[in-house]
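The values are calculated or read from the model by the stated rules, or taken from the named source; none is laboratory data. None of these values were measured; they are calculated from a predicted model. Backbone-built Cβ (ideal geometry, glycine too); neighbour counts: all protein chains shown.
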Amino acid sequence: MNSPLIDSLGLRLGANGLPYEIPIHPNLVHLTLGLFIIAIFFDIAGSIFPIERPIFKFLGLPAIRAGFFDVGWYNLLGASIITFFTVGFGFFELLLANPPINQKSDWGLTASWTMLLHGLGGVVLLGMIVAMTVWRGLQRYHWRKNDSRQVQWGYLLVGLAMLGILYVHGTLGGQLGSEFGVHVTAAKLLQAGAK
Amino acid sequence: MVVHFVIAMVLFSFICDVLGYFTHNIRLFEVAFWNMFVAAIAIFVAIIFGQFEAGLAQVYPAVESTLNFHTVMGWSLGAIVAIITAWRFAIRDRNPLKVPPAYLGAATFLICLVFLQVYLGSKLFWVYGLHVEPVVEAMKHGVSP
């Protein structure tokens with residue numbers, strides 16, 4: 001948003017352009033990514049359990065197949081819940097962003113395009129994570145309730161594809177901070193001093 | 001990147017243990033154990049990358065104390081997470097259906113330390129702008145924030 005518009009919100013903004021010292025969205029991102037990625041990996045570990053069983057035996061680490069699927073399910077459920085907050089704070093902080101307009105990122109995008117794609121991507125990804133959770137829940141409690149392998153191979157493939165999308169999406173978000181200096185106090189102070 | 005796993009897995013392990021303790025859903029104890037297990041592996045990778053990136057950072061005097069604090073906390077947390085994971089492993093080995101309140105207390109303490117460490121790390125990037133291009137560029141031209 002442009003600065004007169006941001007000013008008219010009447011928020012007490014610090015030098016970083018936010019009403020608090022440190023952006024909240026990037027911290028919630030840790031939770032979304034960590035929980036989602038580990039959920040997929042544990043479902044994969046559960047699915048190929050017969051292959052890896054000797055490894056756990058060798059390590060002296062007791063492992064139960066159903067336990068791996070429990071990790072897959074609960075971590076994904078956690079990711080779904082927390083991602084509503086991640087995207088919510090993301091939008092709040094995106095609206096308050098005031099990046100330099102004459103710069104391009106490593107990917108050749110302007111700040112406005114990076115913000116637009118990262119914002120839209122956030123909504124799409126929230127929808128996809130929730131949809132995956134519903135899909136995972138149906139497999140767990142209905143379709144594959146009595147199967148030793150709780151998840152479909154198709155689900156794991158979509159999960160792996162999601163990791164790729166998350167990587168692209170996360171890099172766009174990272175560029176907003178590290179290349180455009182959005183909400184970085186030191187960068188904002190330098191910008192203000194240069195003017 | 002790797003810190004995602006340390007932060008998320010330590011927090012989620014704690015939440016699962018607390019929920020499992022109060023709801024008696026024993027599945028959550030298994031989820032808690034594996035999450036802490038992942039965190040224990042990830043934290044050492046995170047420390048190594050952290051050291052590497054700290055070494056490459058353009059450190060100006062105002063940053064030094066926060067960076068040193070973050071470094072000391074990082075290594076300490078590595079040790080603490082390893083101990084907590086070993087303890088969690090022993091608990092699971094003895095009786096996978098129960099978690100003693102003493103462990104939950106220790107895990108609460110760990111969570112507080114993790115929050116402090118996240119705050120320090122965030123400050124290095126979001127306040128002081130370590131590895132942030134406009135700040136790095138300015139320092140090349142002799143300007144210090």
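Structure notes:
- Counted residues, segment B:123-142 - those being facing chain A (nearest Cβ under 9 Å) and surrounded by 18 or more Cβ atoms within 10 Å (Cβ to Cβ): 12
- Residue in segment B:108-119 that is surrounded by the fewest Cβ atoms within 10 Å (Cβ to Cβ), counting only those that are touching a residue at least 24 places away in the same chain (Cβ under 8 Å) and more than 10 Å from every other protein chain (Cβ to nearest Cβ): B:Thr108
- A:Ile6 at pLDDT below 95, farther than 25 Å from A:Val158 by Cα and in contact with a Ser or Thr (Cβ under 8 Å, 6 or more places away or on another chain): no
- Members of segment A:174-191 found to be in a helix (DSSP H, G or I) and either of a type in the set (A, V, I, L, M, F, W, C) or over 22 Å from A:Val29 (Cα atoms) (or both), listed by number: A:Leu176, A:Ala186, A:Ala187, A:Lys188, A:Leu189, A:Leu190, A:Gln191
Here is a yes/no grid of residues against (1) within 13 Å of chain B (Cβ to nearest Cβ); (2) within 30 Å of A:Tyr20 (Cβ to Cβ); (3) touching a residue at least 24 places away in the same chain (Cβ under 8 Å); (4) of a type outside the set (Lys, Arg):
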position: A:Asp147; (1), (2), (3), (4): no, no, no, yes
position: A:Gly170; (1), (2), (3), (4): yes, yes, yes, yes
position: A:Glu179; (1), (2), (3), (4): yes, yes, yes, yes
position: A:Lys188; (1), (2), (3), (4): yes, yes, yes, no
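- Test: residue in segment A:8-31 that is surrounded by 14 or more Cβ atoms within 10 Å (Cβ to Cβ) and either among the hydroxyl-bearing types (Ser, Thr, Tyr) or closer than 29 Å to A:Asp147 by Cβ (or both): no
- Within segment B:86-97, the presence of at least one residue that is modelled with pLDDT under 95, surrounded by fewer than 16 Cβ atoms within 10 Å (Cβ to Cβ), of a type in the set (S, T, N, Q) and more than 17 Å from the chain's Cα centre (by Cα) is confirmed.
- Residue check, A:Ile81 under 16 Å from the mean Cα position of the chain (by Cα), within 13 Å of another protein chain (Cβ to nearest Cβ) and without any contact (Cβ under 8 Å) to a residue 40 or more places away in the chain: yes
- Selection status of B:Met36, surrounded by 14 or more Cβ atoms within 10 Å (Cβ to Cβ), more than 14 Å from chain A (Cβ to nearest Cβ) and closer than 17 Å to B:Leu11 by Cβ: no
- Scanning segment A:21-40 for residues that are of a type in the set (S, T, N, Q) and either more than 10 Å from every other protein chain (Cβ to nearest Cβ) or free of Cβ contacts under 8 Å to residues at least 12 places away in the same chain (or both) yields one hit, A:Asn27.
- Residue match in segment B:64-80 (condition: away from chain A (no Cβ under 12 Å), over 22 Å from B:Ile48 (Cα atoms), surrounded by fewer than 18 Cβ atoms within 10 Å (Cβ to Cβ) and not hydroxyl-bearing (Ser, Thr, Tyr)): no
- In segment A:1-20, the residues that are without any contact (Cβ under 8 Å) to a residue 40 or more places away in the chain and within 13 Å of chain B (Cβ to nearest Cβ): A:Tyr20
- Test: residue in segment A:124-134 that is closer than 30 Å to A:Asp7 by Cβ and either buried (at least 18 other Cβ atoms within 10 Å of the Cβ) or without any contact (Cβ under 8 Å) to a residue 24 or more places away in the chain (or both): yes
- Criterion (within 21 Å of A:Ala187 (Cβ to Cβ), of a type in the set (A, V, I, L, M) and surrounded by fewer than 18 Cβ atoms within 10 Å (Cβ to Cβ)) met by exactly one of A:Leu61, A:Leu138, A:Leu95, A:Leu77: A:Leu95
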